[in-house]
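Since every read-out is calculated from the coordinates, none of them should be taken as a lab result. Since this is a predicted model, take the numbers as computed values, not measurements. Don't worry about glycine lacking a Cβ; one is built from the backbone with ideal geometry, like all the others, and counts go over all protein chains shown.
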Amino acid sequence: MHQGVLYAFMAAALFGASTPFAKLLIGQVPPVMLAGLLYLGSGLGLSVWYGVRRLQAHDKQAGTGHLVAADLPWLGAAIVSGGIAGPMLLMFGLAQTPASTASLLLNMEGVMTALLAWFIFKENYDRRIVLGMLAIILAGVLLSWQQMPEFGVPWGPLAIVAACLCWAIDNNLTRRISASDAVQIASIKGLVAGSVNLGLALMLGAQLPGLQKIMAAGLIGFCGYGVSLVLFVLALRHLGSARTGAYFSIAPFVGAAISLLLLNDTVGLLFWLAAALMAVGIWLHLTERHEHPHTHQELAHTHSHRHDQHHQHEHDFEWDGSEPHTHQHRHLPITHSHAHYPDIHHQHSH
């Protein structure tokens, strides 16, 4: 299995698993407060991880690959869009929208992520990828379809769609900096989004829960939001936005399976139909083979890599031959043909 696909599946599994555990706290912690604690747990946990890793760095290559000044506008826009505006719009929408409608509308994130990736950020796609995405989207619709949606006043549903658009923008902006340190990106996102959401909850009059609930929310946030986001960024690095979003769409099925085992939830015919559609969509993506002659323009960047066909360069420092390793390196122009994804090295036009 391709490394990027594995990252996406692992990210989806962790995020999906966090949902039923977070549901156990929803009746005890206000939603906005819970969102803040989950994000903060993510940010604080990853900051510790990042700090320990820096302290353990011994060689010259370690410590490189971190965010640079050129990355900050992309990261800032991603945080504002996905970490601040998205959750606020979602909370506003949930307050005015039936749960069945809200869960149905949340599937728009994958759709919008793909549309932005294809038509704004120019990721390549073909009929097979489009059909796979449609199968995955339909699976999500069936999974969340509890009853016929009742939209009522339109502002709530519009706010939820706007939240999905914010997260889709976040996904595509984060892809632009996915070659940088994934732990650093995710920790900053968690700290900023957590602080803003927690501050909003306190402004709205919410009270901090007991220490036990805070610790539980923090642990769920670290695993389901933090580590999951690190893996999601790594998947973006290898697959691009649209394909990562497609594989990440298995998250609701992971949550449903855990709910079935731990919370004694039941599933009906729609769940199994959705699972079959999801399997078809993922199969279409997994069996994709995109291959054609393409040209790599000269490029200098920093990320973890091995000396493969795309990384044939000299080192201006003493290197012990360890793989993978991280340092700034330059790609010279090259034209060749092989199967590839729209990763950080393949962002050419077609």
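Helix 211-221: angle to the longest alpha-carbon principal axis of the chain, degrees 0 to 90, nearest 10?
Approximately 50 degrees, to the nearest 10.
If packing is taken as the average number of other Cβ atoms within 10 Å across a peptide's residues, how do 224-230, 320-326, 119-125 rank, most packed first?
Answer by packing, highest mean first, reads 224-230, 119-125, 320-326.
In square nanometres and to one decimal, what's the mean projected area of the convex hull around the Cα atoms of region 1-57?
5.4 nm²
Report the FRET efficiency, 1/(1 + (r/R0)^6), for Val48 and Ala339, where r is their Cβ-Cβ distance and R0 is 51 Å, rounded to 0.05.
E between Val48 and Ala339, to the nearest 0.05, is 0.85.
Based only on Cα atoms, what Rg/Rh ratio does region 279-343 have, Rh being taken as Kirkwood's radius?
My calculation of the ratio gives 1.08.
What do you get for the angle between helix 155-176 and the principal long axis of the chain? Use alpha-carbon atoms, 0 to 90 degrees, nearest ten.
Compared with the principal axis, the helix lies near 20 degrees.
Measure off 7 Å from each Cα along the Cα-to-Cβ vector at Asp126 and Thr295, then give the distance between these two points in nanometres to one decimal.
Output for this residue pair reads 2.2 nm.
In debye, nearest 20, what is the charge dipole magnitude of the chain about its Cα centre with +1 on Lys and Arg Cβ and -1 on Asp and Glu Cβ, if you could check?
580 debye
So what is the calculated 222 nm ellipticity per residue for the chain, using -39500 (n - 2.57) for each DSSP H run with n of 4 or more, over all residues, to the nearest 500 deg cm²/dmol?
Counting only the DSSP helices, I get -19500 deg cm²/dmol.
Just grab the label-to-label distance for Gln56 and His315, each label 7 Å out from Cα along the Cβ direction, in nm (one decimal).
Result: 2.0 nm between the two label points.
What's the center-to-center distance, using Cα atoms, between region 320-340 and region 268-295 in Å?
Their Cα centres are 29 Å away from one another.
For the chain, which semi-axes, largest first and in whole Å, follow from the square roots of 5 times the eigenvalues of its Cα gyration tensor?
Working through the eigenvalues yields semi-axes of 34, 26, 18 Å.
Take each of the peptides 48-55, 272-279, average the number of other beta-carbon atoms within 10 Å over its residues, and list them starting from the highest.
The packing order, highest mean first, is 272-279, 48-55.
Pop out the ³J(HN,Hα) list for region 126-134 in order, Karplus 6.51 cos²θ - 1.76 cosθ + 1.60 with θ = phi - 60°, rounded to Hz; leave Gly and Pro as x.
Each residue of region 126-134 in turn: 9, 4, 5, 5, 5, 4, x, 5, 4 Hz.
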